[in-house]
Amino acid sequence: MRLIFLGPPGAGKGTQAQRISEMHGIPQLSTGDMLRAAVKAGTPIGQQADAVMKAGKLVSDEIVVGIIADRIDQADCKSGFILDGFPRTVAQAEALDQMLLPRGIKLDYVIEMTVDNGALTERITGRFTCAKCGAGYHDKFKQPKVAGVCDVCGSKEFSRRADDKAETVGARLDAYTKQTAPLLPYYRGRGVLRQVDGMAAMDEVTRQIEGVLGA
């Protein structure tokens, strides 16, 4: 089972990819994790990436696809994998297809987690955590039982991620729409695109994904 998860920041791709990975025994492949692992291992492609990053430049699509190629050639990917966070553009999708073709690998499904941008912004910008234990809360959906006091550890100190600010979230959603949304017709044309409701409760999203995989 070879899958790609698509969706804007905050849609829950990573969480769902981890769940499906555990349920089906296939690895979740994050490009960031694979890049760091390749650099640490000192593979030929990892050395290329390391040199580019040390020069203060962005790693090219060619290098990223090479790192993915090395990773999916490993034994634990023989039964499948989930790509989380790649591709982000049509050019990357085309490069990925060109890499998979000679390996005889076809994508089974590209699963898009659809969202309402306004509701997603509210979901993200309302998040805050206990600064001591990391317990998560939300301005609207999950306030501490006692105002200003963490339910878990009793701390009165809370924090918000800098990139959860409304203007930052808006910019990230705009970038997704411009860069990644064109992937939808690309994969729809190949008959592999499926959509689930990314705004549903976490367990319901998982149920919908399982429904796609079992179809």
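The values are calculated or read from the model by the stated rules, or taken from the named source; none is laboratory data. This structure is a prediction, so every number in the text was calculated from the model and none was measured. Heads up, the Cβs are rebuilt from the backbone with ideal geometry, glycines too, and the neighbour counts pull from every protein chain shown.
Return the residues of region 93-120 that are closer than 23 Å to residue 212 by Cα, of a type in the set (Gly, Ala, Ser) and more than 17 Å from the chain's Cα centre (by Cα); say none if nothing qualifies.
Passing the criteria: only 104.
Of the residues that sit in region 9-51 and are among the β-branched types (Val, Ile, Thr) and free of Cβ contacts under 8 Å to residues at least 40 places away in the same chain, which one is surrounded by the fewest Cβ atoms within 10 Å (Cβ to Cβ)?
If we filter region 9-51 for residues that are among the β-branched types (Val, Ile, Thr), which is where we start, we get 15, 20, 26, 31, 39, 43, 45.
The next check asks that each one be free of Cβ contacts under 8 Å to residues at least 40 places away in the same chain; those that pass are 39, 43, 45.
Numbers: 39: 20, 43: 17, 45: 21.
So, considering only residues that are among the β-branched types (Val, Ile, Thr) and free of Cβ contacts under 8 Å to residues at least 40 places away in the same chain, the one surrounded by the fewest Cβ atoms within 10 Å (Cβ to Cβ) is 43.
Within the set of pairs 6 or more residues apart or between chains, which connect a residue that is of a type in the set (Asp, Glu) inside region 110-124 to a residue that is in a strand (DSSP E or B) with Cβ atoms less than 7 Å apart?
So the pair list comes out as 112/6; 112/193; 112/195.
Name the single residue that is surrounded by the most Cβ atoms within 10 Å (Cβ to Cβ) among those in region 176-189 being free of Cβ contacts under 8 Å to residues at least 40 places away in the same chain and over 21 Å from residue 15 (Cα atoms).
Taking region 176-189 and keeping what is free of Cβ contacts under 8 Å to residues at least 40 places away in the same chain, we get 178, 181, 185, 188-189.
In the following step, the residues that additionally are over 21 Å from residue 15 (Cα atoms) were identified as 178, 185, 188-189.
Numbers: 178: 10, 185: 11, 188: 14, 189: 9.
The residue in question is 188.
Which ones in region 125-147 are loosely packed, with under 12 Cβ neighbours inside 10 Å and closer than 21 Å to residue 165 by Cβ? Lay out the reasoning, then the answer.
Narrowing region 125-147 to residues loosely packed, with under 12 Cβ neighbours inside 10 Å: 134, 136, 140-141, 145-147.
Matches in region 125-147: 134, 136, 140, 141.
Looking at (1) among the charged types (D, E, K, R); (2) in contact with a Gly (Cβ under 9 Å, 6 or more places away or on another chain); (3) closer than 25 Å to residue 2 by Cβ; (4) part of a helix (DSSP H, G or I), can you tell me which one residue 112 breaks?
(4)
Which residue is surrounded by the fewest Cβ atoms within 10 Å (Cβ to Cβ), if the candidates are limited to region 198-207 and must be under 17 Å from the mean Cα position of the chain (by Cα) and at pLDDT 95 or above?
The extreme case among them is 206.
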